[in-house]
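To start, the structure under review is shown below, and the notes come after it.
The values are calculated or read from the model by the stated rules, or taken from the named source; none is laboratory data. Model, not experiment: these values are computed from the prediction. Neighbour counts are summed over all protein chains in view; Cβ atoms, including those assigned to glycine, are modelled from backbone coordinates with ideal geometry. The protein model used for the area step is the full one, side chains on, heavy atoms only, and it has no ligands, DNA or RNA in it. Shrake-Rupley method; radii C 1.70, N 1.55, O 1.52, S 1.80 Å.
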Amino acid sequence: MATLYKHFLAGSITDNPLASGATTITSPDFSALPTIASPNTMWLILDPLGSAGAPEIIQVTTHTASATSVTVTRAQQ
């Protein structure tokens, strides 16, 4: 299993509001992410500055090249 990295990405989630149990998250900025498939994963931080509450670290488990949505496991750290 490998953890994939992509530096200096930022964007906005279009799911508004993002449901607390959501496992699919959408953003046009996700199209810049690499392909992610099991067993590989990628960590992302939602709201890293805490402007809308505490930041949340999520683990991306699936992303298809150029897709604008990711499948995640929430509240991982």
Query raised in the report: Using the Karplus equation 6.51 cos²θ - 1.76 cosθ + 1.60 (θ = phi - 60°), what ³J(HN,Hα) coupling, rounded to whole Hz, does each residue of segment 38-46 give in order, writing x for Gly and Pro?
Result: 3, x, 6, 9, 9, 8, 10, 10, 8
Query raised in the report: Which of these values of Rg and Dmax of the Cα atoms in Å was calculated from the structure shown: (i) 11.7, 33; (ii) 15.9, 51; (iii) 12.0, 36?
Result: (i)
Report summary line: Residues whose modelled amide H sits under 5 Å from the amide H of Thr14, counting only those 5 or more places away in sequence or on another chain, are Thr26, Ser27
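Quick one: if the Förster radius is 35 Å, what FRET efficiency do Ala65 and Leu18 give, using the C-beta to C-beta distance and rounding to 0.05? Provide the component values of the computation, followed by the final result.
Working: r = 23 Å, r/R0 = 0.67.
Efficiency computed from Cβ-Cβ geometry: 0.90.
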**Report entry** Computed lengthening from Leu49 to Thr3, 0.36 nm per intervening residue step minus Cα-Cα distance
**Finding:** 14.2 nm
Query raised in the report: What ³J(HN,Hα) values, in whole Hz, does the Karplus curve 6.51 cos²θ - 1.76 cosθ + 1.60 give for segment 3-10 when θ = phi - 60°, with x put for Gly and Pro?
Result: 9, 8, 10, 8, 8, 6, 9, 8
Query raised in the report: Whole-Hz Karplus ³J(HN,Hα) for segment 71-77, in order, using 6.51 cos²θ - 1.76 cosθ + 1.60 and θ = phi - 60°, x for Gly and Pro?
Result: 9, 9, 10, 8, 6, 8, 9
Query - Taking the chain and dividing mean pair separation by its residue count, relative contact order in percent (alpha carbons under 8 Å, at least six apart) - result: 32
Query - Probe 1.4 Å, protein heavy atoms only - accessible area per residue of the chain in square angstrom - result: 64
Report task. Could you pull out the chymotrypsin sites (Phe, Trp or Tyr not before Pro) across segment 3-55 that fall in loop regions by DSSP (anything but H, G, I, E, B) with no more than 10 other Cβ atoms inside 10 Å? Result -> Tyr5, Phe8
